[in-house]
Amino acid sequence: MSGGRDIAPPLRDMILRAGEARRRGDRAGELTALDAALALDPDHPQPLNARGMRALADQDYTLAADLFRRAVAADPREPALLINLATACRNLGDDQGEAAALDAVLSLDRTHFMALLRKAELLERTDRPIPAAEIWNGIFVLAEAINPMPPALAARIEEARSFVATQLADFSAKIDRGLARARSGHSRQALRRFDACVEAATGRRRIFVNECSGLHFPFLPADEFFDRDLFPWFPELEAKTPQIRAELQALLQTSSDAIRPYVRQEEGTPVNKWTPLDRSMDWGACFLWEHGRRNEPICKLCPETTAILDALPLADIPGRGPSAFFSLLRPHSHIPPHTGVTNSRAIVHLPLIVPDGCWFRVGAERRPWKEGEAFAFDDTIEHEAMNESGELRAVLIIDAWNPHLTNDERALLRQFFKLSDELAQPHEMGNAMN
């Protein structure tokens with residue numbers, strides 16, 4: 001916590017004297033040393049932090065918060081200062097200030113254990129049980145690496161587990177009540193897969209199948225590449241390949257601002273397999289639809305593509321799907337092995353520009369793209385992509401429903417997502433906590 005400045009010997013001596021006085025229980029001596037240190041350098045984060053800790057001990061939380069804010073201004077990338085500021089705000093009852101300090105820590109490190117724990121507690125106190133439970137679930141995973149775990153922390157983790165279990169039971173009951181009318185009139189057999197899906201989504205049932213980071217719909221065939229016959233509209237899409245390719249090529253020549261990096265991780269995300277592609281145009285995307293929202297400027301530039309998308313039976317879940325975009329992979333670029341969000345959808349590729357040396361793997365099967373030949377796959381099975389050529393590879397990617405879902409199951413899923421999103425809506429402090 002040097003704020004980028006060396007600590008002059010006189011200042012260091014004053015800070016050491018303050019620490020020794022604190023250990024002796026000599027409050028007056030500690031204050032004298034800290035005041036002397038601040039007189040030498042009033043904007044240095046170390047004496048500001050030490051004086052703030054003294055104010056915390058004295059229960060002068062207003063002064064403590066002011067000192068910690070000055071320390072953060074001097075050294076904004078030091079998590080300890082932000083945690084101390086959050087503590088002062090918590091004691092002041094300043095929920096907004098505490099949230100801002102904790103979010104600043106998490107922007108530096110998304111896995112900061114104490115910041116996550118304190119944010120989960122804050123969300124509990126401010127009546128946001130569902131996002132609190134989500135954070136607690138992440139904390140439980142991180143806590144497994146703490147060995148030995150301090151008894152006080154172990155007790156707090158057990159309290160949190162009880163809290164999460166209670167919230168899960170309440171959430172599940174609300175979902176069941178909300179779906180009662182939608183479920184009525186369907187036979188037990190017709191509801192079998194849907195009910196298993198909801199029970200899995202609400203933590204009441206474990207499913208040992210595909211790797212989905214989001215919603216898993218049980219008992220669907222785990223196809224790597226779906227049978228083409230399950231998509232009778234593929235010929236209609238493929239017939240438009242020349243027009244779609246021409247619109248993409250026009251975009252590439254005149255509207256580079258419409259293309260953005262596909263991978264955009266949050267600040268503070270630890271190094272991972274996506275780091276080489278983070279905010280890189282090696283894998284670029286131009287969205288016509290994104291999370292169920294139409295990108296009007298791009299759609300106006302691509303009327304033929306938009307028209308065919310509007311005519312297709314895509315996965316339509318308000319606020320979530322479909323997504324439809326041009327996926328651009330630069331020469332010698334690699335999309336690493338990964339799995340997707342939910343097996344309730346199928347991912348459709350229409351290859352548009354495919355130089356030699358490009359390939360795509362799903363599970364154990366690897367195949368080349370062929371321009372104008374669409375295919376669909378289950379992206380919750382591990383897959384990867386490679387452009388080994390010296391030219392750009394371009395594919396139109398769209399979300400379709402998993403063809404093994406019935407129309408009734410699709411309708412029920414729309415209702416489930418609608419209720420789930422409504423129950424997770426933030427209260428007044430939403431923007432500050434997100």
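The values are calculated or read from the model by the stated rules, or taken from the named source; none is laboratory data. Everything numeric here is computed off the predicted structure, so don't read it as measured data. Cβ sites come from the backbone with ideal geometry, for glycine too, and all protein chains shown count toward neighbours. We work out accessible area using only protein heavy atoms, side chains counted, and drop any ligands, DNA or RNA first. Shrake-Rupley method; radii C 1.70, N 1.55, O 1.52, S 1.80 Å.
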Which FRET efficiency, nearest 0.05, do R161 and D316 yield, Cβ-Cβ r, R0 45 Å?
0.75
Highest-fluctuation residue, L117, L237, L153 considered, GNM on the chain with Cα pairs under 10 Å:
L153
Quick one: Cα centre-to-centre distance for segment 280-307 and segment 232-274, in angstrom?
7 Å
Measuring with a 1.4 Å probe in the full set of protein chains, what accessible area per residue, in whole Å², belongs to the chain?
49 Å²
Under 5 Å between amide H atoms, partner at least 5 residues away or on a different chain: which partners does A346 have, H built in plane at 1.01 Å?
A400, W401, N402
Using the Kirkwood radius over Cα pairs, work out the Stokes-Einstein diffusion coefficient for segment 172-322 at 25 °C and 0.890 mPa s, in µm²/s as a whole number.
127 µm²/s
Among M281, M114, what's the order by accessible area (1.4 angstrom probe), most exposed first?
M114, M281
Against the globular-protein guess of 2.2 N^0.38 Å, express the Cα radius of gyration of segment 127-259 as a ratio, rounded to two decimals.
1.64
What nm distance separates the two modelled labels at Q96 and V263, each placed 7 Å from Cα along Cα→Cβ?
3.8 nm
Cα-based Rg and Dmax for segment 99-183, where Dmax is the largest Cα-Cα distance (Å):
15.0, 50
Kirkwood Rh and Cα Rg combined as Rg over Rh, evaluated for segment 341-391
0.98
In whole percents, the bins of 10 Å from zero upward hold the Cα-Cα pairs of segment 43-148 as 16, 43, 30, 10, 0
Would you calculate the convex hull of the Cα atoms in segment 245-340 and tell me its volume per residue in Å³?
127 Å³
Zone of K174 (label point 7 Å along Cα→Cβ, backbone N under 14 Å): which residues in segment 97-132?
124, 127-132
By what distance, in whole Å, do the Cα atoms of segment 1-88 stretch along each of the three principal axes, largest value first?
31, 29, 18
Checked segment 217-275 against the a/c 1.5 cut and the a/b vs b/c comparison, axes a ≥ b ≥ c from its Cα gyration tensor; verdict oblate
Descending accessible area (1.4 Å probe), largest on the left, turns T32, T380, T87 into T32, T87, T380
Per-residue SASA entry for E158, accessible area with 1.4 Å probe, Å² rounded to 10:
100 Å²
Compute the Kirkwood hydrodynamic radius of segment 294-434, taking the inverse of the mean of 1/r over all pairs of distinct Cα atoms, and give it in Å to one decimal.
17.1 Å
Just the number, please: carbon plus sulfur as a percent of the accessible area of the chain, 1.4 Å probe, no ligands or DNA/RNA counted.
50 percent
Any idea what diffusion coefficient the chain gets from Stokes-Einstein, in µm²/s, Kirkwood Rh on alpha carbon pairs, 25 °C, 0.890 mPa s?
96 µm²/s
Which residue, N402, N387, N91, has the most motion in a Gaussian network model of the chain that connects Cα atoms within less than 10 Å?
N91
Helical contribution to [θ] at 222 nm, DSSP H n ≥ 4, -39,500 (n - 2.57), averaged over the chain, rounded to 500:
-16000 deg cm²/dmol
Would you please give the residues with an amide H less than 5 Å from that of L288, counting only those at least 5 places away or on a separate chain, with H modeled from the backbone geometry?
A324, F325, F326
Rel. contact order, % - alpha carbon contacts under 8 angstrom, at least six apart, segment 1-143:
14 percent
